[in-house]
Each structure stands twice: as structure tokens, then as C-alpha cells.
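Chemist: First, the structure itself, so that you have it in front of you.
The values are calculated or read from the model by the stated rules, or taken from the named source; none is laboratory data. From a predicted model like this one, the values you see are computed outputs, not experimental measurements. Cβ sites come from the backbone with ideal geometry, for glycine too, and all protein chains shown count toward neighbours. SASA here: full protein model, heavy atoms, side chains in, ligands and nucleic acids out. Shrake-Rupley method; radii C 1.70, N 1.55, O 1.52, S 1.80 Å.
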Amino acid sequence: MLEIRNLSAWYGEARALDEVSLDVAAGEVVTLVGRNGAGKTTLLRSVMGLHRHASGQVTLDGTDVMRVPVHRRARLGMGWVQDDRGIYSSLSVEENLLLAPVVSEKAWPLARVYETFPVLADRRRAAGTTLSGGEQQMLAIARVLRTGARLLLLDEPTEGLAPVIVAAIGDIVREVKATGVTVLLIEQNVKFAATVADRHYLLSQGRIVEHLDNTEFVAREHDLLEHLGV
Ligand code: ATP
């Protein structure tokens, strides 16, 4: 579904991504792991079209989107869940959900969102400001599903969350996968990554240095924790 070929990205003269190539097949969950500063966020932002100082190829279902602006990438079915979650704090949970623009017939109706995220149903009238970190993360994911995105790009969905909430996010990622949505996510939590993903790419200094299926990834857990310095 998603093919990335020789993607490079810069901040000024500094190269943050160096000829990255990777694939994500329809229905897969794939993680990007790597130390802080490895280039993970830059990679996701470049895929979404949010980082424009980039070269190479990004194709979605065979369509080259490299010159396509971000709002049109969204219309093609890419959904970005940023790491600061982007919740409108003065609006209620439900208003945040209702604001999501519909981009395909796969858009989730509110009832389905509330069934999958009972926490959001309970908090539907609560203001964005009053949500916990876990609730914000769920709202951010739900808002993208509301659009009907086929490819979900998640930037560290478990960052800073308590273990019980991390487990709930894991259930949601698996449920999202079960509905046929494809997921590419950044994840520093190796144990979590192993419970949700089919495959993993390890990024170091802007390059892909390893590509592992989940069985290899689990077998290498200790080694990876050491590499990541976590
Ligand atoms: P983290 O987990 O810390 O977010 P990351 O793997 O997502 O790390 P990026 O944020 O993509 O890494 O950063 C890749 C490289 O680009 C790093 O060397 C970083 O210092 C640099 N970089 C990131 N954002 C900027 C920016 N706005 N201006 C200049 N350099 C940047």
C-alpha cells in the first residue's frame, strides 16, 4: 500500500533521512523504532507531506504523492496522529470528533467510535482540556478514524502513558487493524511494539539499519533495548 523509495530529508543543510526505503502492505501494522533523533518523526512527517524539504518517492497504492500537498494526501486516505495529539482544548470530545472531515466511505460513524472507545463515550461532553493523556491519545486516533483514513500514521502513541493505558491503546491498534486499516507507527516501547506489529524497521542516524519480522524482533528484545538506550 505504502512504498517509500530513497527518501531523504533535510533541515537546512543537515540531512535527517538518508535514502530510506520501506514498504507497508495493506492491513499490516509496522513500527519504526530508533533512538531519539534517529529521524522517525521526520520520516512520518515526510510521508504525510508535512516536511517538504525531502526527496525520493512516496507512493500510496501506486500513486506518487511526493508532490501532493498534505490536505490532498489526507483525501487519498492518509491520516496523521501527531505526538502532541492536536486536540482542540476548548471543544468537547464530541465536537472534536464532529470536526473531522470525511475523506472516504470508510469514515467511522460516531456510534462506532463510541463502541470502540467507551472511554470517549463516557467523556463525550468533557472539554479537551480536562482529558487525561490516554484519553487525548484515544481521541486523536478516533478523530482520524472518523475521516475514513486507510493508512494511520501514529507518532509514539504510548509516550508518557501509564501501563494500563498503554494496554488499552494496544487493544485499539489491534482492533483498528482488524477493520482493515493499515498502521505505520513510531514506538520506543519495544514490548508494546511486539504486541501490536507484524514487522519493524530500525532507524539509526536517518538510515534503516534493520528490518525484522515480529518473531525476530521478540528474540532480539534485549539487544534492541540496549541499542535504543531505554
Ligand atoms: P525523537 O524520538 O526525539 O522525536 P526522531 O527519531 O523522531 O527523534 P527526528 O525528530 O525526526 O528524530 O529528528 C531527526 C534529526 O533531525 C535529529 O538530528 C534532529 O535533531 C533533527 N531535527 C528535527 N527537527 C528539527 C528542526 N526543526 N530543525 C533542525 N533539526 C531538526
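Chemist: For residue 182, are the conditions met, namely being at pLDDT 90 or above and either in contact with a Lys or Arg (Cβ under 7 Å, 6 or more places away or on another chain) or over 23 Å from residue 42 (Cβ atoms) (or both)?
Modeler: Yes.
Chemist: Go through the residues of the range 1-15 one by one and say whether even a single one is of a type in the set (Lys, Arg) and either more than 8 Å from the ligand (Cβ to nearest atom) or buried (at least 19 other Cβ atoms within 10 Å of the Cβ) (or both).
Modeler: yes
Chemist: Could you list, in sequence order, all residues of the range 76-87 that are touching a helix residue (DSSP H, G or I) at 6+ places or on another chain (Cβ under 9 Å), farther than 13 Å from residue 135 by Cα and open to solvent by 30 Å² or more (accessible area, probe 1.4 Å)?
Modeler: 80, 82, 83
Chemist: Moving to a separate point now. Among the residues of the range 24-44, count how many are within 12 Å of the ligand (Cβ to nearest atom) and surrounded by fewer than 22 Cβ atoms within 10 Å (Cβ to Cβ).
Modeler: 4
Chemist: For the range 151-169, which residues satisfy the criterion of being at pLDDT below 95 and more than 16 Å from the ligand (Cβ to nearest atom)?
Modeler: Across the range 151-169, the qualifying residues are 162, 163, 164, 165, 166, 167, 168, 169.
Chemist: Also: Quick one: is residue 55 within 16 Å of the ligand (Cβ to nearest atom) and without any contact (Cβ under 8 Å) to a residue 60 or more places away in the chain?
Modeler: So residue 55 fits the description; yes.
Chemist: Look at residue 67 and say whether it is closer than 23 Å to residue 12 by Cα, modelled with pLDDT of 90 or more and surrounded by fewer than 20 Cβ atoms within 10 Å (Cβ to Cβ).
Modeler: yes
Chemist: Checking residue 21 against (1) under 21 Å from residue 144 (Cα atoms); (2) more than 12 Å from the ligand (Cβ to nearest atom); (3) part of a strand (DSSP E or B), only one condition comes out false. Which one?
Modeler: Tallying (1) under 21 Å from residue 144 (Cα atoms); (2) more than 12 Å from the ligand (Cβ to nearest atom); (3) part of a strand (DSSP E or B), residue 21 fails exactly one: (1).
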